[in-house]
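Enquirer: The structure's right below; bear with me while I get my questions together.
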Amino acid sequence: MRQSVRCSGAISSGANMEFSWLENLLQAKRTVWIVGAVTILLFIIANLPWQLDDYDQAKQAFTSFEMVKEGHWFYQHTPHEHVATKPPLIGWISAGLFALTRSWDIAWRLPSFLAAIAMALLLFSNASSAHRTIAGVIAVSAFGLNLLSPRLATLVRTDMPLALVIFLIGLLISRKIQKEEAWRARDQFHIFALLTAAMFIKRPIVYAFLLPAIGIFHWGRRRHSLSRTGVCHYSAWCGWWPWVASLGIFLLWVIGGVLFQPEFFDEVVVREFAARFGETIHRAQPLYFYLPHLLHKFAPWSVLMIAIAILDLHSRNWRLGLAFRKMSPETFWLLCWTLGGLLVMSLIPSKRVDRIFPIIPPLCLLLATQIANGSVGEHLRKHIHQWSAIALIFSILATGGYTISKVISGYRDHRGALAVFGREVRHEAELRHWRYEVVSAKDEALLLYLRKIHFIDSDRAVAEWNRGSLDALVVSTQTAPALMSQFRDAALSRLKPFKGKDEPAGYVLITR
């Protein structure tokens with residue numbers, strides 16, 4: 001009997017040691033460095049091999065390329081000469097980075113990467129200063145170790161820079177609420193500058209992520225009397241002029257495009273902006289589209305948030321109103337910030353998973369606050385810390401494994417084959433001093449890989465070739481036979497042609 005008790009005690013002691021190790025994992029300094037290193041590594045490698053063939057990366061990359069090559073600094077085009085639908089701020093940044101680095105691959109991807117690193121640092125700093133180091137570790141882990149952030153960290157898109165600007169605005173509002181400070185002229189100017197930047201990154205979509213949240217916060221503050229003193233000394237509203245002034249500057253850019261750029265009104269105002277609220281042009285998705293995708297892409301952190309919320313409500317005997325009344329104003333702001341953006345974006349028929357990304361950073365702060373400030377007892381709090389450690393380990397294995405498998409499959413399936421083909425053509429042309437052009441093709445990225453600003457049509461290609469103005473041409477394999485029959489002294493280059501993986505169409509180099 002005594003032996004049985006001793007065995008039971010030993011098992012219990014071993015289990016406690018295991019749980020204690022999990023709890024201490026989040027408090028260890030080396031955990032911060034491990035999470036930071038893994039996050040940065042995943043950010044760097046997630047999109048390897050680098051290519052521009054998907055997610056409209058070629059359109060975004062072409063804006064800065066056109067700025068540098070042709071000096072079109074305010075209004076740009078796509079490779080197929082449609083009007084570019086995105087404002088030019090990220091293009092300006094990429095053009096400046098190209099002037100410094102002389103590498104287009106770095107210039108196109110560095111804005112998103114730097115924005116991701118900046119958000120990770122801000123999350124750790126704010127969560128740690130407001131709570132403890134454990135909260136900072138969880139906030140950074142939730143941000144970096146999910147299925148959305150590593151993918152967007154070096155993608156040639158505007159999602160990550162936009163999320164950073166929205167996050168900075170939300171943090172400034174949170175600080176004013178926490179410190180119960182009035183909005184001063186300097187604070188309003190900061191909001192104005194950030195709003196203007198957001199407008200010139202991705203149009204007034206910033207309103208969808210912040211204005212509903214501000215409205216819900218003020219409604220909830222009055223409804224539940226959230227002020228600690230009974231008198232409201234804080235406000236999430238900075239005043240009208242930063243919002244109106246930033247929108248006015250953006251509208252000046254829109255008016256200029258309508259007046260001076262053919263097709264700007266149809267392509268940008270009607271098709272790209274207004275059509276998002278209809279179901280005729282862009283593919284409409286159901287109202288609930290974002291919620292299951294968010295639960296999946298943000299796992300295991302989404303599951304952990306739900307579990308902690310259920311425990312917290314259980315400790316309050318399922319009195320939801322009491323939970324809101326006991327909630328601090330800054331925590332309630334984080335809740336409004338995430339729910340407001342999710343609700344409004346869900347109401348817009350045109351949906352895509354990456355568009356909801358700006359609510360991920362405040363979700364990370366909300367999770368850190370849940371872990372640090374819940375109303376559960378000390379025994380349950382230890383379990384929450386253990387669950388958090390398990391979620392951290394799982395996220396490293398799951399996100400790391402998924403990312404590495406995508407990179408391996410990318411190289412195995414030659415996902416960057418068109419980029420390699422373009423690089424080899426440029427090398428041959430530079431080595432042999434060829435004058436070369438690209439015949440019109442469906443792949444928008446082809447122009448960028450070959451560092452050309454325009455396609456040429458088949459008739460012009462034939463005329464310039466027979467005139468002796470060209471030494472080489474890149475053409476699709478479908479049109480190559482017909483063109484070569486009209487060329488004098490033409491032959492296929494020994495350079496290995498590009499062939500698409502899932503379709504017969506590819507590209508070849510024709511030389512003299």
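The values are calculated or read from the model by the stated rules, or taken from the named source; none is laboratory data. Model, not experiment: these values are computed from the prediction. Remember, those area values only see protein heavy atoms, side chains included, never the ligands or the DNA or RNA. Shrake-Rupley method; radii C 1.70, N 1.55, O 1.52, S 1.80 Å.
Enquirer: Once both axes come from the Cα atoms, what is the angle between helix 159-179 and the longest principal axis of the chain, in degrees from 0 to 90, rounded to 10?
Expert: 30 degrees
Enquirer: Another question about this same structure. To the nearest 10 square angstrom, how much accessible area does I408 have with a 1.4 angstrom probe?
Expert: Ignoring ligands and nucleic acids, I408 comes out at about 100 Å².
Enquirer: Normalised by the number of residues in the chain, what is the relative contact order in percent for Cα pairs under 8 Å and 6+ residues apart?
Expert: Taking the mean separation of contacting Cα pairs over the length of the chain, I get 19 percent.
Enquirer: Okay, next question. With a cut-off of 8 Å between alpha carbons and a minimum separation of six or more residues, what is the relative contact order of region 52-122 in percent?
Expert: That works out to 24 percent.
Enquirer: Enumerate the lysines that K326 could reach by cross-link, defined here as Cα to Cα under 23 Å, with residues fewer than 8 away along the same chain left out.
Expert: Straight-line reach from K326, under 23 Å: K176, K179, K382.
Enquirer: As I understand it, the value is the acute angle between the Cα axis of helix 133-144 and the longest principal axis of the Cα atoms of the chain; what does it come to in degrees, rounded to 10?
Expert: 30 degrees
Enquirer: Shifting gears a bit: Return one whole number: the accessible area per residue of the chain in Å², for a 1.4 Å probe.
Expert: Per residue, the chain has an accessible area of 48 Å².
Enquirer: OK, next. What part of the accessible area of the chain, given as a whole %, is carbon or sulfur when the probe is 1.4 angstrom?
Expert: 62 percent
Enquirer: Quickly estimate the mean residue ellipticity at 222 nm for the chain, helices only: each DSSP H run with n ≥ 4 gives -39500 (n - 2.57), and the total goes over all residues, rounded to 500.
Expert: -21000 deg cm²/dmol
Enquirer: Leaving ligands, DNA and RNA out of it, work out the accessible area of H82 with a 1.4 Å probe and give it in Å² to the nearest 10.
Expert: The value for H82 is about 90 Å².
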